[in-house]
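A.B. asks: Before we start, here is the structure in question, set down as structure tokens.
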Amino acid sequence: MELNKAGLTEQPFRTHGAPLTFVHYEGQVAATEFLRAVWTNPHGLGLLQGPSLSGKTTIIHHFIATLHEDPSVA
């Protein structure tokens, strides 16, 4: 994460491990629902895109944590 692009001088989030919390913003809920729809579709393929620092990795980690199986993720 490039801190200066976000106007920060020090790291605001953990750089390793799971996030301390997940806040359910409308966009994050929609992205999680999208991932769930792709996951349940046997022919599903999904793409999450967005600018730097928009939470894509956090959303994916949260989604994987809610699964009741051991997924392979690329």
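A.B. asks: Which condition from (1) in contact with a Leu (Cβ under 7 Å, 6 or more places away or on another chain); (2) closer than 26 Å to Glu2 by Cα; (3) not charged (D, E, K, R) is the one that Gly50 breaks?
C.D. replies: Only one criterion is unmet by Gly50, namely (1).
A.B. asks: Which one of Leu3, Leu20, Leu53, Leu67 is among the hydrophobic types (A, V, I, L, M, F, W, C), surrounded by 10 or more Cβ atoms within 10 Å (Cβ to Cβ), modelled with pLDDT under 85 and more than 12 Å from the chain's Cα centre (by Cα)?
C.D. replies: Checking each option against the conditions leaves just Leu3.
A.B. asks: What about Gly27, is it among the small types (Gly, Ala, Ser), in a loop (DSSP other than H, G, I, E, B) and either surrounded by 11 or more Cβ atoms within 10 Å (Cβ to Cβ) or at pLDDT below 75 (or both)?
C.D. replies: Considered against the rule, which asks whether it is among the small types (Gly, Ala, Ser), in a loop (DSSP other than H, G, I, E, B) and either surrounded by 11 or more Cβ atoms within 10 Å (Cβ to Cβ) or at pLDDT below 75 (or both), Gly27 comes out as no.
The values are calculated or read from the model by the stated rules, or taken from the named source; none is laboratory data. Everything quoted here is computed from the prediction, not taken from an experiment. Virtual Cβ from ideal backbone geometry, glycine too; neighbours counted across all protein chains shown.
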